[in-house]
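Working notes, beginning with the structure itself.
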Amino acid sequence: MDPVITPIVAAIAAGAAAGLKEDATQAARDAYSAIKSFLKREYSKVNLSPIEEKPGSPARQAALAEDLAEAGADRDPELHRLIDALVSATVVNQGGQNITVTVKDQGKAYTAGRDQHFHG
């Protein structure tokens, strides 16, 4: 995966994981909903349904990365702004644990949830 796309995919996958939980914060749900609406409006060929079904699936993460790259969405400053808003949202479950998703690519790991991290 491209180094620009991988953190985007990690953030979207974390948003999908959090947004589907009843105990997700409203801020997290709103931020993820804004990304979904933006992608549907501007990049209709990018389908988030597979990543919503299995946010932790490497195959679905790779497919999303490919779709984002082919559509040119990864270079869209508005998507980057929306991703920043999602990452900034407090994504906490009832047990107080951050909901995170890690995307591994070529020996590096990108984790997105309440805070976004890169481990190289």
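The values are calculated or read from the model by the stated rules, or taken from the named source; none is laboratory data. Quick caveat: nothing in here was measured; it's all calculated off a predicted structure. Positions of Cβ are backbone-derived with ideal geometry, glycine not excepted, and every protein chain shown enters the neighbour counts.
If I filter the stretch 68-78 for residues that are at positive phi, outside any helix (DSSP H, G or I), surrounded by fewer than 16 Cβ atoms within 10 Å (Cβ to Cβ) and modelled with pLDDT under 80, do I get at least one hit? The answer is no; no qualifying residue exists.
Of everything in the stretch 20-62, what is in a loop (DSSP other than H, G, I, E, B) and charged (D, E, K, R)? Give them in sequence order. Across the stretch 20-62, the qualifying residues are Lys21, Glu22, Asp23, Lys45, Lys54.
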